[in-house]
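First comes the structure, then the notes that go with it.
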Amino acid sequence: AWLAFSLARRTGRKDVCALPSGFSVPHMFVVVFVIMAPIQANTGDSVAAWESGMAWVFLQSLILIFGGFIAPWVRKITPRAAMLGTLAGISITFIAMRPALEMVTVPVIGILCFAIVLQGWFGGVRYAFGIPAGLVAIFVGLSIAWGGKLFGFSMGGISIEAMGSAIADFGFYIPFPAIDHVFSGFQFLGVLLVTAIPFGIYDLVEATDNVESAAAAGDEFPTTHVVSADGVVSMIGCMMGNPFINAVYIGHPGWKAMGGRIGYSVVTGSFVLVLTLLGIIPLLLAFIPVVAILPILLYIGLSIGAQAFTESPARHAPAIILALIPHLAAWAKAQIDSALAAANTSAALLGQDSLAQAGVLYEGLTILGGGAILTSVIWAGFTIAVIDQKSRSAIGFGLAGAVLSFLGLIHGESVGWAVSIELALVYLLISCLVFITGKRTLESI
């Protein structure tokens, strides 16, 4: 909000929209299921698991704080279509898909509310008394869910019983410093580094992508300040007992299109603070059918995906499509892993050959989906360089792919030394190919 206020004051504009900021949902799953849950299972100590989560955030915060100084350079050398294409991949798979799937399971609320959102934010329809489309959708969803409840139809996950249990959670919850617990978590340093480093780099690239997305929507923010602020806020959070990292997340164009400006960020933060301090969140979740809110997420996913094409040269469209593919692989792998876990098995137990015979190319999904956000940037950046006949840039992306593969930051499930040697060699060969053919292209020109 402060950065947006500064931009508005400097430019004299009244349409500046603050960057959206909050807990990073992908990281929440990672820190819970990859860090905290295994440590809880191995030690039987819930406090130790919590401490490991905070130590994980501490390490990532350091990467962001110091990485903010190289973020402008990353943004400068990476084509806009590569960064926006990467965000489009995330928005389609990890933002839009689940809401879409949940909406169709309760279509009388989900699809109807989505139509209201589409009319208001894409179609320009103005609802009575100037009520925002998102709020209209929530009111309609509430009316249908509780109206159906009166006639014996249960939909949207609401219940009187859940509301009664939620009311019992009312209280006054004050956070206290947990600095000693943070440093106790470093006893698991070896486990933490495996994911903290790649996800710290992921955060760095994602925040840079989101700054570029905001710039494409008309709001230019200082990259170093944005990325470093993510790190500082996350550091404060973990010192107060929070095992979830803060992130400037994707969605700025969607919030701006809805009419969001500077105040929405301040009001949202203040409102959430009050709700959590008083323990009201469970009551809201019991009263409002979540499926009535999900169309807003789907709308944001559509806005971000569309921006990648509308704010990039038409000739770069193939690179944007290519940027989607690693994220689709990561999403598909996550779905398969969850399904196998529900059946009390795993890909390792079944064997990749058995899965391949059934048409599930699990090995390919694992390799392609590993480090999807960085893979997307490399692949899309290389493709754009090829399209624009910029040999030096193409060679640079090829060499970057070789280094990242060698270290396991892409195409690997863990960070290490010589993790994906074969793929690293392939990227090197590609760079050599471009070096040779690039000269011929220049000579022919």
Quiz item: For residue 316, are the conditions met, namely being closer than 22 Å to residue 433 by Cβ and either in contact with a helix residue (DSSP H, G or I) (Cβ under 6 Å, 6 or more places away or on another chain) or open to solvent by 60 Å² or more (accessible area, probe 1.4 Å) (or both)?
Solution: yes
Quiz item: In the stretch 375-412, which residue that is of a type in the set (Val, Ile, Thr) and crowded, with 22+ Cβ neighbours inside 10 Å is farthest from residue 425 (Cα to Cα)?
Solution: 384
Quiz item: Restricting attention to the stretch 227-247, does a residue exist that is of a type in the set (Ser, Thr, Tyr), out of contact with any Ser or Thr (no Cβ under 7 Å at 6 or more places or on another chain), modelled with pLDDT of 90 or more and open to solvent by 10 Å² or more (accessible area, probe 1.4 Å)?
Solution: yes
Exercise. Specify which of the listed residues (158, 144) is part of a helix (DSSP H, G or I), touching a residue at least 24 places away in the same chain (Cβ under 8 Å) and either open to solvent by 30 Å² or more (accessible area, probe 1.4 Å) or of a type outside the set (Gly, Ala, Ser) (or both).
Key: 144
Quiz item: Quick one: in the stretch 257-279, which of the residues that are at pLDDT 85 or above and in contact with a helix residue (DSSP H, G or I) (Cβ under 8 Å, 6 or more places away or on another chain) is surrounded by the fewest Cβ atoms within 10 Å (Cβ to Cβ)?
Solution: 275
Quiz prompt | Residue check, residue 285 in a helix (DSSP H, G or I) and more than 21 Å from the chain's Cα centre (by Cα) | solution = yes
Quiz item: Given the stretch 15-114, what helices (runs of 4 or more DSSP H) lie entirely inside it while holding 1 or more residues that are small (Gly, Ala, Ser)?
Solution: 37-43, 46-67, 71-77, 80-90, 97-105
Practice problem: Test each condition in (1) under 18 Å from residue 325 (Cβ atoms); (2) assigned to a helix (DSSP H, G or I); (3) touching a Leu at 6+ places or on another chain (Cβ under 9 Å); (4) in contact (Cβ under 8 Å) with a residue 24 or more places away in the chain for residue 431 and report the one that comes out false. | Solution: (1)
Quiz prompt | Filter pass, residue 363 being of a type in the set (Asp, Glu), in contact with a helix residue (DSSP H, G or I) (Cβ under 7 Å, 6 or more places away or on another chain) and touching a residue at least 12 places away in the same chain (Cβ under 8 Å) | solution = no
Exercise. Run down 324, 349 and say which single residue is free of Cβ contacts under 8 Å to residues at least 60 places away in the same chain and assigned to a helix (DSSP H, G or I).
Key: 349
Quiz item: Residues in the stretch 121-138 that are part of a helix (DSSP H, G or I), of a type outside the set (Val, Ile, Thr) and surrounded by 15 or more Cβ atoms within 10 Å (Cβ to Cβ): how many?
Solution: 4
Practice problem: Please find, within the stretch 14-39, the residue that is nearest to residue 263 (Cα to Cα) out of those that are open to solvent by 70 Å² or more (accessible area, probe 1.4 Å) and without any contact (Cβ under 8 Å) to a residue 60 or more places away in the chain. | Solution: 29
Practice problem: Please enumerate the residues belonging to the stretch 45-57 that are open to solvent by less than 60 Å² (accessible area, probe 1.4 Å) and more than 19 Å from the chain's Cα centre (by Cα). | Solution: 48, 49, 51, 52, 54, 55
Practice problem: Search the stretch 292-313 for residues being open to solvent by 10 Å² or more (accessible area, probe 1.4 Å) and under 30 Å from residue 169 (Cα atoms), and hand back the single one that is modelled with the lowest pLDDT. | Solution: 297
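The values are calculated or read from the model by the stated rules, or taken from the named source; none is laboratory data. Small disclaimer: the values here were computed from a predicted structure and weren't measured. Backbone-built Cβ (ideal geometry, glycine too); neighbour counts: all protein chains shown. Heavy atoms of the whole protein, side chains included, go into the accessibility calculation; ligands, DNA and RNA do not. Shrake-Rupley method; radii C 1.70, N 1.55, O 1.52, S 1.80 Å.
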